[in-house]
Amino acid sequence: MNKTESKNILIKGGKIIDPVKGTEFASDIYIKDGIVAEVGKNIKAGSGMVKIDAKGLVVSPGFVDMHVHLRDPGFEDKETIESGALAAVKGGITAIACMPNTRPAIDSEHAVKYVLEKSEGAACRVYPVAAMTRGLEGKEITEMGLLSEEGAVGFSDDGKCVGDSRLMYEIMRYSTQFGLPLILHEEDILMSADGQMHEGRYSSMLGMEGISSLSDDLMIARDIILAARSGAKIHITHLSTKGGVEMIRKAKKDGIDVTCDVTPHHLFFNDSFLTSFNTNLKVKPPVRSEGDRQALVRGIKEGVIDAVASDHAPHLGTEKNTTFKLAEFGTIGLETLFSAAFSKLCIEEKMSLPGLIRLITASPAKILGIDAGKIEVGRLADITVIDTGAGKIVKREDFISKSKNSAFIGQKLQGRVVCTISRGKLIYRSD
Ligand SMILES: [Zn+2]
Ligand SMILES: [Zn+2]
């Protein structure tokens with residue numbers, strides 16, 4: 001991590017990606033006092049400029065990760081707003097939306113304010129997602145109006161699913177007044193119960209309790225029905241099942257206001273990887289069957305899935321270095337978001353790079369209604385430079401996040417973030 005924080009920067013000779021138009025073009029970018037001053041050919045370097053030689057490299061708008069757990073306040077030994085933002089920038093991410101399952105939960109104006117104030121000096125922009133119900137207890141709706149006025153960009157009880165359908169319907173109807181998305185973790189908890197992994201051939205073989213794909217699908221079906229009736233804007237997060245992809249495809253066709261995202265780990269792994277008993281791969285929803293995984297990839301290619309998000313979930317070593325049954329659910333993901341998605345989608349599945357970049361820039365920015373995911377003259381620079389030709393095997397010691405529980409440790413990933421300009425400053429440059 002090289003925190004130079006230069007604000008006059010010339011990015012020379014890169015291939016710029018425009019994720020909205022889906023185009024790539026060769027150009028230089030000049031950033032003056034943190035603002036994108038010029039995009040064009042043959043811009044000359046002046047004195048006091050930091051020059052980035054981007055020949056053979058890709059220049060993208062800074063990535064947007066719409067599903068991140070920062071653990072702050074309450075669990076600062078796992079991650080803080082500051083450490084999470086730095087890990088994001090190392091992953092090329094310049095804007096993150098953080099989930100409200102902190103202690104206290106982000107369910108009050110005070111808590112939203114805390115995140116916004118504490119993130120003012122952070123390495124990247126941080127957008128709080130506020131709770132839908134008080135304490136994420138699924139009983140009482142939060143003051144969504146006040147929370148949105150304070151700066152929440154969406155509402156979620158992530159980690160939990162509101163089981164009470166009547167309450168969920170009320171939340172949806174109420175949310176239509178604010179136009180913010182409801183970000184839904186879909187899990188029928190009576191169905192998932194004590195499950196540890198995807199219910200299927202491998203859970204039977206390993207003798208582990210399974211989580212049926214029905215757990216996700218039942219709630220996705222319910223929420224699509226409720227959204228159709230209420231007119232709410234819903235976003236299904238960390239989609240994991242084939243059934244989910246099919247239901248969302250149909251709902252979109254029917255004109256229901258639904259979007260969805262998938263994580264790199266659900267695209268990368270299937271349940272056969274659990275034969276290693278790698279606790280970093282114990283995630284919720286679980287990585288599912290190869291058929292589900294392929295359906296997610298197809299969902300991306302066919303435009304059913306709108307975004308890729310990490311669901312960065314930091315946990316202490318003690319919470320993961322234990323038996324599979326006792327280990328916490330979750331993997332970190334900020335620092336591998338791009339390389340994992342790029343390896344799977346662009347290298348293996350031959351998807352276009354602008355297509356992938358859109359899923360981690362303009363598209364999630366649009367869902368959240370935030371001004372991010374583009375390179376524009378006159379705008380504070382959020383830019384990521386990538387080397388798509390570089391690859392490496394992920395090691396535990398690579399991570400700067402406070403927690404090291406990455407499902408990708410030991411995997412070879414292609415695509416490396418070379419440098420990140422975030423909030424107008426060159427914050428990260430790889431050595
Ligand atoms: Zn979740
Ligand atoms: Zn989550």
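Points worth noting:
- Condition check for Val39: more than 16 Å from ligand 2 (Cβ to nearest atom) and in a helix (DSSP H, G or I): no
- The strands (runs of 3 or more DSSP E) located wholly in the range 349-431 that include 1 or more residues which are of a type in the set (Phe, Trp, Tyr) occupy 425-429.
- Of the residues making up the range 306-333, those that are within 16 Å of ligand 1 (Cβ to nearest atom) and of a type in the set (A, V, I, L, M) number 5.
- Taking the conditions (1) touching an Asp or Glu at 6+ places or on another chain (Cβ under 6 Å); (2) more than 16 Å from ligand 2 (Cβ to nearest atom); (3) under 25 Å from Met99 (Cα atoms) in turn, Glu328 satisfies each one other than (2).
- Candidates Ala390, Ala372, filtered to the one that is free of Cβ contacts under 8 Å to residues at least 60 places away in the same chain and either surrounded by fewer than 23 Cβ atoms within 10 Å (Cβ to Cβ) or within 16 Å of the chain's Cα centre (by Cα) (or both): Ala390
- The residue pairs whose first member lies in the range 178-195 and is hydroxyl-bearing (Ser, Thr, Tyr), whose second member is more than 16 Å from ligand 1 (Cβ to nearest atom) and not in a strand (DSSP E or B), and whose beta carbons are closer than 9 Å, counting only pairs six or more residues apart or on different chains, are Ser192/Ser212.
- Selection within the range 248-282 - on the phi < 0 side of the Ramachandran plot, surrounded by fewer than 23 Cβ atoms within 10 Å (Cβ to Cβ) and in a loop (DSSP other than H, G, I, E, B): Asp254, Ile256, Asp257, Asn270, Asn278
- Residue satisfying condition, being farther than 23 Å from Arg396 by Cβ, of a type in the set (Asp, Glu) and touching a Leu at 6+ places or on another chain (Cβ under 9 Å), within set Asp306, Asp292, Asp371: Asp306
- The number of residues in the range 324-342 that are over 30 Å from Pro354 (Cα atoms) and touching a residue at least 12 places away in the same chain (Cβ under 8 Å) comes to 5.
- Any strands (runs of 3 or more DSSP E) falling wholly within the range 120-206 and containing at least 2 residues that are within 15 Å of ligand 1 (Cβ to nearest atom) and buried (at least 21 other Cβ atoms within 10 Å of the Cβ): 154-156, 182-184
- Residue within the range 114-128 that is within 16 Å of ligand 2 (Cβ to nearest atom), in contact (Cβ under 8 Å) with a residue 60 or more places away in the chain and closer than 28 Å to Arg429 by Cβ present: yes
- Among the residues listed as Glu120, Glu82, the single one being touching a Gly at 6+ places or on another chain (Cβ under 9 Å), at pLDDT 95 or above and among the acidic types (Asp, Glu): Glu82
- Candidate set: the range 290-322, residues that are in a loop (DSSP other than H, G, I, E, B) and within 16 Å of ligand 2 (Cβ to nearest atom); chosen: the one farthest from the chain's Cα centre (by Cα): His315
- Residue satisfying condition, being modelled with pLDDT of 95 or more and more than 16 Å from ligand 2 (Cβ to nearest atom), within set Ala88, Ala105, Ala111: Ala111
- The set of residues in the range 207-223 that are surrounded by 21 or more Cβ atoms within 10 Å (Cβ to Cβ) and farther than 21 Å from His265 by Cβ contains only Asp223.
- All positions within the range 323-348 that are part of a loop (DSSP other than H, G, I, E, B) and touching a Pro at 6+ places or on another chain (Cβ under 8 Å): Gly330, Ile332, Gly333, Thr336
Condition check ((1) among the polar types (S, T, N, Q); (2) at pLDDT below 95; (3) within 16 Å of ligand 2 (Cβ to nearest atom)) across all residues:
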{"site": "Ile189", "(1), (2), (3)": "no, no, yes"}
{"site": "Ser192", "(1), (2), (3)": "yes, no, yes"}
{"site": "Gly195", "(1), (2), (3)": "no, no, no"}
{"site": "Leu226", "(1), (2), (3)": "no, no, no"}
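- The set of residues in the range 139-169 being more than 16 Å from Val115 (Cα to Cα), small (Gly, Ala, Ser) and within 16 Å of ligand 2 (Cβ to nearest atom) consists of Gly159 alone.
- The strands (runs of 3 or more DSSP E) found wholly in the range 48-87 and carrying at least 3 residues that are away from ligand 1 (no atom under 16 Å from the Cβ) and surrounded by 24 or more Cβ atoms within 10 Å (Cβ to Cβ) occupy 58-61.
- Taking first residues from the range 87-105 that are of a type in the set (Val, Ile, Thr) and partners that are crowded, with 24+ Cβ neighbours inside 10 Å and in a helix (DSSP H, G or I), the Cβ contacts under 7 Å between residues at least 6 apart in sequence or on separate chains come to Ile93/Leu337; Ile96/Ala88.
- Out of Val245, Val287, sole residue that is within 21 Å of the chain's Cα centre (by Cα), of a type in the set (Val, Ile, Thr), crowded, with 18+ Cβ neighbours inside 10 Å and outside any helix (DSSP H, G or I): Val287
The values are calculated or read from the model by the stated rules, or taken from the named source; none is laboratory data. Everything numeric here is computed off the predicted structure, so don't read it as measured data. For neighbour counting, all protein chains shown are included, and Cβ atoms are generated from backbone atoms with ideal geometry for every residue, glycine included.
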